[in-house]
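I have placed the structure first, in the form of structure tokens, so that the comments after it can refer back to it.
Here, each number is a calculation from the coordinates, and none is a lab measurement. Every value quoted in this text rests on a predicted model; they were computed, and no experiment measured them. When we count neighbours, we look across all protein chains shown, and the Cβ atoms used for this are built from the backbone with ideal geometry, even at glycine.
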Amino acid sequence: ISAGLLFLLTGFLALQPLSTDLYLASLPALRVHFDASVSSVQLTLSAFLAGFAISQLLAGPLSDRFGRRPVALGGAALYLAGSLLGAFAPSLAVLVAARIAQALGVCCTVVCARAIVRDLYEAEPGARVMSRALSWMGVVPIAGPVLGGLVQSAFGWRTNFLVLAAAGAAMLAATLRVLPETNRHRNPHATDLGALLRNYALVASSRNFWANALPITGSYGALFCFISASSFVLIELFGVSERAFGFTYALVTLGYLLGTIAVRRVLARLGLTRSIRLGATVGLVAGSSMALLAALGVQSLAA
């Protein structure tokens, strides 16, 4: 894979964590600005996640029918529009709508990135290519909150959405310049409702699908529970400043970066299935430890 295409695919994948992590330090400020409850402000995150999840049901079939390039271009353009709408949102409801638009757009880029790798590689070589992209993407959960905290402290929450708009514009320009069409076998019936329902039923009946989906679902569910509460807990409960929030959050997400670096070696030694089992086990132990600390009433920033 060329360096330019690998960089573009990494950017596609990075838009999703950047969209959730960059503005985390702004959540308490959003609550004050819109005079809203914590749960109402958290809708800006949950609406993004819901939009991202649901739109995957359509983004894949659209790219199968029309090709990866047009869907990726449309997704990047929609993401840019949603980011600009968020930057100038006059109300929390408009901001939530902007977040949904961002989610729809970024879903198209993420789905296309994974589909492009499948177009070009078999399963295990493709997994190694994805791990290379994810290794670079692993910087985002660390750098995103740090940058977002600094921007929030200096300029306010609207500027964080302008930064996201700049990222969307960069991905749109790079897609126009770098991305080739890799779908050589387009399916004109990919978006037929009957075919979609049959395909989803087939996937849902696959034990292999559930063996892969359940660990990922559990891991991401736990991750986003932490993400949605982190800024309120760190800033309002522990008194961490907006500027320092990103650095504190980055220490937690360092484990993600180390995992993306280690996974290539683990894949080479254990293969795909055993690597998934190992990752699920590590996640179970870590999550159980956090639950135990909560049950014991431990309230410590270090813990």
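Among Ser230, Ala93, Ala268, which residue has its Cα positioned farthest towards the positive end of the charge dipole of the chain, with +1 placed on the Cβ of Lys and Arg, -1 on the Cβ of Asp and Glu, and the dipole taken about the Cα centre?
After comparing all options, I get Ala268.
Put +1 on the Cβ of every Lys and Arg and -1 on every Asp and Glu Cβ in the chain; which of Ala166, Ala244, Leu120 then has its Cα farthest towards the positive end of the dipole?
Positive-end residue among those listed: Leu120.
Nothing charged except the Cβ atoms of Lys and Arg (+1) and of Asp and Glu (-1): what's the magnitude of the dipole of the chain about its Cα centre? Round to the nearest 20 debye.
800 debye
Could you give me the ³J(HN,Hα) list for the stretch 155-168, computed from phi with Karplus coefficients 6.51, -1.76, 1.60 and θ = phi - 60°, whole Hz, x at Gly and Pro?
Ordered by residue, 3J(HN,Hα) equals 10, x, 5, 5, 5, 4, 6, 5, 5, 5, 5, 5, 5, x Hz.
Tabulate in residue order the Karplus-calculated ³J(HN,Hα) for the stretch 230-242, using 6.51 cos²θ - 1.76 cosθ + 1.60 with θ = phi - 60°, rounded to whole Hz; enter x for Gly and Pro.
4, 5, 5, 5, 6, 7, 8, 8, 9, x, 6, 6, 4
Calculate the FRET efficiency for Ala173 and Leu296 from the Cβ-Cβ distance with a Förster distance of 45 Å, rounded to the nearest 0.05.
After rounding, the FRET efficiency stands at 0.30.
Hey, got a sec? Which trypsin sites (Lys or Arg not before Pro) in the stretch 155-240 land in a DSSP loop and have at most 12 other Cβ atoms within 10 Å?
Filter output for the stretch 155-240: Arg184.
Using the Cα gyration tensor of the stretch 237-303, with a ≥ b ≥ c the square roots of its eigenvalues, what is the shape: rounded (a/c below 1.5), prolate (a/b larger than b/c) or oblate (neither)?
Here the stretch 237-303 falls in the oblate category.
Sort 17-30, 36-49, 215-228 by the packing proxy (mean of other Cβ within 10 Å over each peptide's residues), most packed first.
17-30, 36-49, 215-228
Mind jotting down a quarter of the surface of the convex hull over the alpha carbons of the chain, in square nanometres, one decimal?
Result: 16.0 nm².
Which Cα, out of Thr217, Val298, Leu24, lies furthest along the positive dipole direction of the chain (beta carbon charges, K/R +1, D/E -1)?
Farthest along the dipole direction, towards plus: Thr217.
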